[in-house]
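First up is the structure itself, then whatever we jot down about it.
The values are calculated or read from the model by the stated rules, or taken from the named source; none is laboratory data. Fair warning: this is a prediction, and the values are worked out from it, not measured in the lab. Note that we place each Cβ from the backbone using ideal geometry, even for glycine, and neighbour counts take in every protein chain shown.
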Amino acid sequence: MRPVVPTALTRRACVALGAGWPLVLRAKAAPRIFHVMSFDSPWRWTDGQLAGFREGLDDPQAEVQVFQMDVKRHPGDAARAERGRLAREAVARWKPDLLYLSDDDAVAQVGRPLARSALPIVFSGVNRSLAEHDLEGAPNVTGVLEREHVVETLRLLKSVAPQIRRLAVVSDRGSYWDTVIGRVRERIAQVDGLQLARVDRVGTFAEYRDRLRACEGEADAVLHLGILTLADEHGATVPDWIVQRWVAEHIRLPDASFWIDRVHNGTLASVTVSEQEQGRAAGRLARAILHEGRSPVSLPVQATLKGHPAISLPRARQLGLLPSSSVLLSAEVVRRYAWEATNP
């Protein structure tokens, strides 16, 4: 007997019921995937997730449409909500077979309103939990959580700057950083000889500069989190490379963060969250849904485990630090500030 070929409607009906269709079923046409980025392109974090997603999906025929929410240049609740509305309208017009979302804003503004619908949803790069996004039990949603390598990053920082004892955390006011800060508070106790001195949330670039200057008398090291929505004196968002260039030129505290682009722009140390691993894992979930007949609810939401150590050599030299040969051999060594070449 020839296998039945499902239509997009029958596939989505099965997802809505929380059940997979038989594995012998095959889609008649190449799948249509709508991808909503919280941020924008070109940027290594967003582009790497999408490249990894395509690799994990492993379907060269798949048609992918991209919508950039670009929340770095559309900060604030009202602007995010408007970008989310435009994204949902684009999804409705395009009628995809699957919706792929990257990072928390896309999940909050697009995924949450479409949860428990017939459209399968896969996400990656998400800091908040399913419960915080009100997605627990949604039968059409699965994805990949972004979990920072807190202990590994701080241990790497101490291996390069063993004198540090007090850590300051400084971030913009993005709502998803609450969860990240909570994980830092919880896990810093696993790093011998290091304690959390203070946590500061700021809204402007001027406040960020003031806070970091004050940290030089109150802490031995800084963990940088959100720097994507800091506003200048006119209310415009300051590009992240300008924020990092100022830090590199004015602050003499060893510093860390969790993402490779930060190291390229001057942060000293990181065991980075791999954007490509996030995307690959999401792509494999999408493949299971589109090509294997799995329902999203049957695919567990998990975090990627692979971290990537990285060291900024010019920052180390600037701070008078000499990473050991074992550190340099086990990490990606960034040999110049990215903004020296692209943003003189």
Ile311 being farther than 24 Å from Leu145 by Cα, crowded, with 22+ Cβ neighbours inside 10 Å, of a type in the set (Val, Ile, Thr) and in contact (Cβ under 8 Å) with a residue 40 or more places away in the chain: yes
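Sort out which residues of the range 260-286 are over 14 Å from Ser124 (Cβ atoms) and not polar (S, T, N, Q), and write them in order of number. Spell out the reasoning first.
At the first step, the residues of the range 260-286 found to be over 14 Å from Ser124 (Cβ atoms) are 260-272.
Correct list: Ile260, Asp261, Arg262, Val263, His264, Gly266, Leu268, Ala269, Val271.
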Near pairs, Cβ below 9 angstrom, 6+ apart or cross-chain, from the range 147-171 (free of Cβ contacts under 8 Å to residues at least 12 places away in the same chain) to any residue that is part of a loop (DSSP other than H, G, I, E, B): Pro162/Gly193
Residue match in the range 227-237 (condition: within 18 Å of Thr46 (Cα to Cα) and either among the aliphatic types (A, V, I, L, M) or without any contact (Cβ under 8 Å) to a residue 60 or more places away in the chain (or both)): yes
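Would you call Gly279 closer than 25 Å to Ala131 by Cβ, touching a Phe, Trp or Tyr at 6+ places or on another chain (Cβ under 7 Å) and small (Gly, Ala, Ser)? Talk me through it step by step, then tell me what you get.
Values: closer than 25 Å to Ala131 by Cβ: yes; touching a Phe, Trp or Tyr at 6+ places or on another chain (Cβ under 7 Å): yes; small (Gly, Ala, Ser): yes.
Answer is yes for this residue.
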Answer from Pro96, Pro120, Pro113 - the residue that is modelled with pLDDT of 95 or more, buried (at least 24 other Cβ atoms within 10 Å of the Cβ) and over 20 Å from the mean Cα position of the chain (by Cα): Pro120
Meets criteria (more than 21 Å from the chain's Cα centre (by Cα) and under 24 Å from His308 (Cα atoms)) for Ala168: yes
Inter-residue pairs, beta-carbon under 6 Å, first modelled with pLDDT of 95 or more and surrounded by 14 or more Cβ atoms within 10 Å (Cβ to Cβ) and in the range 188-217, second among the polar types (S, T, N, Q) and part of a strand (DSSP E or B), 6+ apart: Arg201/Ser171
Verdict on Glu152 being among the acidic types (Asp, Glu) and closer than 30 Å to Val91 by Cβ: no
Among (1) free of Cβ contacts under 8 Å to residues at least 24 places away in the same chain; (2) assigned to a strand (DSSP E or B) - the single one Ala131 does not satisfy: (2)
Glu207 vs. criteria closer than 24 Å to His133 by Cα and either of a type in the set (Lys, Arg) or over 18 Å from the mean Cα position of the chain (by Cα) (or both): no
Selection within the range 32-80 - modelled with pLDDT of 95 or more and either among the aliphatic types (A, V, I, L, M) or not assigned by TED's automatic domain parsing to the domain that holds Ala282 (or both): Ile33, Val36, Met37, Leu50, Ala51, Leu57, Ala62, Val64, Val66, Met69
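When the residues of the range 33-56 are narrowed to those that are part of a loop (DSSP other than H, G, I, E, B) and of a type in the set (Gly, Ala, Ser), which ends up farthest from the chain's Cα centre (by Cα)? Walk me through how you get there before you give the answer.
To start, the set of residues in the range 33-56 that are part of a loop (DSSP other than H, G, I, E, B) comprises 38-43.
Filter again for of a type in the set (Gly, Ala, Ser), leaving 38, 41.
Details: Ser38: 9, Ser41: 14 Å.
Filtering first and then ranking leaves Ser41.
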